[in-house]
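Asks: Let me begin by handing over the structure; questions about it come next.
The values are calculated or read from the model by the stated rules, or taken from the named source; none is laboratory data. Keep in mind it's a predicted model, so treat the numbers as computed, not measured. Cβ placement follows ideal geometry from the backbone for every residue including glycine, while neighbour counts extend to all protein chains displayed. Please note that ligands, DNA and RNA were not included when accessible areas were found on the heavy atoms of the full protein model with its side chains. Shrake-Rupley method; radii C 1.70, N 1.55, O 1.52, S 1.80 Å.
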Amino acid sequence: MIIAIDGPTASGKGTLSKRIAAHFDLPHLDTGLLYRAVGRQIILNGGDPDSPEDALAAVAFPDDLLDEPVLRNEATGSLASRASVHPAVRKALFDRQRAFAKQDGGAVLDGRDIGTVIAPDADVKLFITASVASRAQRRFKEMQERNVSISLAEIEADLARRDARDTGRKDAPLLAANDAYVIDTSELGIEEAFAAALEAIAAAQKS
Ligand code: DC
């Protein structure tokens, strides 16, 4: 079974994807991490994330970069968003993601274009979303727990910028597939969101 999970930043899709993968005993790929590694490698190369050439050169990042904690921070997320606009970067990362999706036994992948581009043939498609205000609030709490000094207003502005870039780009924009189950987690805790996801998966399997 292939489960495709898409949605904007801080919608809860990462946590949900891990839970769903563990529940069904399926391997999981966080595809955002690949774009984050590209963003980080651009900086390590002394390049510019808005340059298609510099971004493409960074696709050859070493795999151990994926384990670096710096990949998880907001600045790398923004770099990833800028690097992911370039069609050549998306094309270069396509085969790796597609091969993961097509492995024997199935897989869970989460990102922005899994249900639309990487695995349009997925058995189940979920689109996890939430209001900017609730996503910013969650991210703010996370940052406070990690002792990162950033204001709620800065987080909200950054999320809105990333949403606009990820949704507005020409190639593989952030978009719910026509046949995706949309789950709005604005008012849901993780257990409720997980229950809603399991219900959607059961419904998709029946249809
Ligand atoms: O999910 P994330 O926040 O780790 O993703 C970081 C950026 O990478 C996101 O803002 C856009 C890009 N991305 C993408 O374009 N396509 C994907 N499948 C996953 C992430």
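Asks: Search the range 153-166 for residues that are over 16 Å from R112 (Cβ atoms) and pair each with any residue that is assigned to a helix (DSSP H, G or I) and within 11 Å of the ligand (Cβ to nearest atom) when their beta-carbon atoms are under 7 Å apart and the residues are at least 6 apart or on different chains.
Replies: Listed pairs, sorted by first residue: I155/R139; D158/E74; D158/S78.
Asks: Go through the range 82-92 and give me each residue that's of a type in the set (D, E, K, R), in contact (Cβ under 8 Å) with a residue 40 or more places away in the chain and open to solvent by 40 Å² or more (accessible area, probe 1.4 Å). Walk me through how you get there before you give the answer.
Replies: Here is the first cut: in the range 82-92, the ones of a type in the set (D, E, K, R) are 82, 90-91.
Of the ones still in play, those that are also in contact (Cβ under 8 Å) with a residue 40 or more places away in the chain are 82, 90.
The one that is of a type in the set (D, E, K, R), in contact (Cβ under 8 Å) with a residue 40 or more places away in the chain and open to solvent by 40 Å² or more (accessible area, probe 1.4 Å): R82.
Asks: Somewhere in the range 93-104, is a residue open to solvent by 70 Å² or more (accessible area, probe 1.4 Å) and under 18 Å from the mean Cα position of the chain (by Cα)?
Replies: Yes, some residue in the range 93-104 is open to solvent by 70 Å² or more (accessible area, probe 1.4 Å) and under 18 Å from the mean Cα position of the chain (by Cα).
Asks: A further question follows. Would you tally the residues in the range 123-141 being closer than 17 Å to P8 by Cα, free of Cβ contacts under 8 Å to residues at least 24 places away in the same chain and among the charged types (D, E, K, R)?
Replies: 0
Asks: Go through (1) near the ligand (Cβ under 10 Å from one of its atoms); (2) more than 26 Å from L159 (Cβ to Cβ) one by one and return the number of the condition A88 breaks.
Replies: All conditions pass for A88, except number (1).
Asks: Can you tell me which of (1) within 14 Å of the ligand (Cβ to nearest atom); (2) assigned to a helix (DSSP H, G or I); (3) over 15 Å from the mean Cα position of the chain (by Cα) is the one P120 doesn't meet?
Replies: (2)
Asks: Could you tell me which residue of the range 161-190 is farthest from the chain's Cα centre (by Cα), considering only residues that are surrounded by 14 or more Cβ atoms within 10 Å (Cβ to Cβ) and assigned to a helix (DSSP H, G or I)?
Replies: Across the range 161-190, the extreme among qualifying residues is R165.
Asks: If a residue must be charged (D, E, K, R) and either within 12 Å of the ligand (Cβ to nearest atom) or closer than 14 Å to L71 by Cα (or both), how many such residues does the range 3-39 contain?
Replies: Pass one, the range 3-39, residues charged (D, E, K, R): 6, 13, 18-19, 25, 30, 36.
Pick out the ones that are also either within 12 Å of the ligand (Cβ to nearest atom) or closer than 14 Å to L71 by Cα (or both) and you get 6, 13, 30, 36.
Count: 4.
Asks: Let me ask you something else. Among the listed residues L65, L56, L79, identify the single one that is away from the ligand (no atom under 13 Å from the Cβ) and crowded, with 19+ Cβ neighbours inside 10 Å. Can you show your working first?
Replies: On the way: L65 fails: crowded, with 19+ Cβ neighbours inside 10 Å; L79 fails: away from the ligand (no atom under 13 Å from the Cβ).
Every option except L56 fails the conditions.
Asks: Just to be sure I understand the filter: pairs with C-beta atoms under 9 Å, separated by 6 or more residues or on different chains, first member in the range 193-207 and in contact (Cβ under 8 Å) with a residue 12 or more places away in the chain, second member in a helix (DSSP H, G or I) and of a type in the set (A, V, I, L, M, F, W, C). Which pairs pass?
Replies: Every condition considered, the pairs that remain are A193/L16; F194/L16; F194/I20; A197/L16; A197/I20; L198/I20; I201/I20; I201/F24.
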